[in-house]
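*Asks:* Questions regarding the structure given below will be posed in turn.
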Amino acid sequence: MKLKIEVLDQDGNVKTGKNEYEDFTREMSAVGEDYVHLATQDLVYNEGDRICVGVDKENVFLVVKLDETLDSTLVYLTDSVWEYRIPLSDGDVLSQPDGAFKGKSHYICVRVARDWEVGQYRNLAFNPHDQKESTGVYPHAVANVETRNDSTFFAKNVINGVYANLSHGPYPYQSWGINRQADAEVRIEFGRPVQVDSVGLVLRADFPHDSYWEEVTLRFSDGHTEVLKTVKSAQIQTFSFEMRTVTSVTLCNLKKADDESPFPALTEFEVYGRD
């Protein structure tokens, strides 16, 4: 499969960079067969820049790493082009490590996922490359409320693989905040049918600032629901159920404990199964 990576500025122009022992600049663009990477020692990203990943067909599984601070991630790309907005705004930086997309030395890698990677039993919700807006890349987290439109409380935080839950706010304590909304819900979209039979929930546990949920409901895209009893704990809480084929799973009907805090929140939402 033909793959292409480009680093574009806010006007759509290909940016340039160079290496330590070079006296010339080169365009930040590369093409490869099943595997492609870009590397540079002298390129500064600016707000409005984006990384553009292109493939020669739609509906493909890729393993991507778009920054040194992001884990390599198995994603499902439904379009032939993925534009990843480099998160550099004042709001973005609060929910990510200090060095994310900073400095001058960068490494980007994209490759076609291997069959065994796609077929293995895994956390289908994991995607630290997810962004607030849908980009045609899955899994993707979306919610009907995010506290103050603050990136430290965006839905995408619950699928980034960071389990720090003993505080709240900026990285590494980002979470999904519900702004005290009674009908709050968060949905994990997979972009294709998958088989799932287990979830893992990490409640934010900044007690006594935080409250917690005593009961939550899983609503599957096939209409089936599962009611789960959760407890006041900083540990991951896992729940198993009959294997179902779905395109999304929604966490909803969140029943808050009867305590003084108005702030229940979610740190991680895992969904286990296979393609």
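No value in this document is a laboratory result; all are computed from the given coordinates. All of these numbers come straight from a predicted model, not from anything done at the bench. When we count neighbours, we look across all protein chains shown, and the Cβ atoms used for this are built from the backbone with ideal geometry, even at glycine.
*Asks:* Can you show me the helix-derived [θ] at 222 nm for the chain, built from DSSP H runs with n ≥ 4 at -39,500 (n - 2.57) apiece and divided by the number of residues, rounded to the nearest 500.
*Replies:* -500 deg cm²/dmol
*Asks:* If you don't mind, there's one more thing I want to ask. Considering only DSSP states other than H, G, I, E and B, which GluC sites (Glu not before Pro) in the stretch 42-84 qualify as loop sites with at most 11 other Cβ atoms within 10 Å?
*Replies:* When the GluC sites (Glu not before Pro) of the stretch 42-84 are filtered for loop state and at most 11 Cβ neighbours within 10 Å, GLU58 remain.
*Asks:* Which order do the peptides 189-201, 145-157 come out in when sorted by mean C-beta neighbours inside 10 angstrom, highest first?
*Replies:* In decreasing order of mean packing, 189-201, 145-157 become 145-157, 189-201.
*Asks:* How would you order 224-230, 134-140 from highest to lowest mean count of nearby Cβ atoms within 10 Å?
*Replies:* Ranked by mean Cβ neighbours within 10 Å, highest first: 134-140, 224-230.
*Asks:* OK, next. Given the alpha-carbon gyration tensor of the stretch 1-157, what are the semi-axes of its equivalent ellipsoid in whole angstrom, ordered largest first, with each equal to the square root of 5 times an eigenvalue?
*Replies:* Working from the Cα gyration tensor, I get semi-axes of 25, 22, 13 Å.
*Asks:* Can you compute the modelled spin-label distance between TYR121 and ASP98, with each label point 7 Å from Cα toward Cβ, in nm?
*Replies:* In this crude label model, TYR121 to ASP98 measures out at 4.1 nm.
*Asks:* Compute the relative contact order of the stretch 122-274 as a whole-number percentage, counting only Cα pairs closer than 8 Å that sit 6 or more residues apart in sequence.
*Replies:* Value for the stretch 122-274: 31 percent.
*Asks:* Find out how many positive minus negative residues lie around ARG219, taking Lys and Arg as positive, Asp and Glu as negative, among other residues whose Cβ is under 14 Å from that of ARG219. It would help to have the intermediate numbers written out before the result.
*Replies:* On the way: positive: ARG187, ARG244; negative: ASP183, GLU185, GLU189, GLU215, ASP222, GLU226.
The answer is -4.
*Asks:* Take the alpha carbon atoms of the stretch 112-134, find their center, do the same for the stretch 230-269, and report the distance between the two centers in whole angstrom.
*Replies:* If you average the Cα positions of each part, the centres end up 21 Å apart.
*Asks:* Separate question: Show me the chymotrypsin sites (Phe, Trp or Tyr not before Pro) within the stretch 41-134 that DSSP assigns to loop and that have at most 14 other Cβ atoms within 10 Å of their Cβ.
*Replies:* Those that pass, being in a loop and sparsely packed, are TYR121.
*Asks:* Also, quick follow-up: Which of the pairs LYS18/LYS132; LYS156/LYS232; LYS65/LYS104; LYS18/LYS156; LYS104/LYS156; LYS15/LYS102 have their Cα atoms more than 25 Å apart in this structure?
*Replies:* Values: LYS18/LYS132 31 Å; LYS156/LYS232 23 Å; LYS65/LYS104 17 Å; LYS18/LYS156 33 Å; LYS104/LYS156 27 Å; LYS15/LYS102 15 Å.
Going by Cα-Cα distance, LYS18/LYS132; LYS18/LYS156; LYS104/LYS156 fall outside the 25 Å limit.
*Asks:* What is the local net charge at SER167, summed over the other residues whose Cβ is closer than 10 Å to its Cβ (Lys, Arg +1; Asp, Glu -1)?
*Replies:* -1
*Asks:* Then there is this: Can you check what the net charge comes to around GLU33, using other residues whose Cβ is under 14 Å from the Cβ of GLU33 (Lys, Arg +1; Asp, Glu -1)?
*Replies:* For residues surrounding GLU33, the net value is +2.
*Asks:* Taking only C-alpha pairs under 8 Å that are 6+ residues apart, what is the relative contact order of the chain in percent?
*Replies:* It comes to 17 percent, rounded to a whole number.
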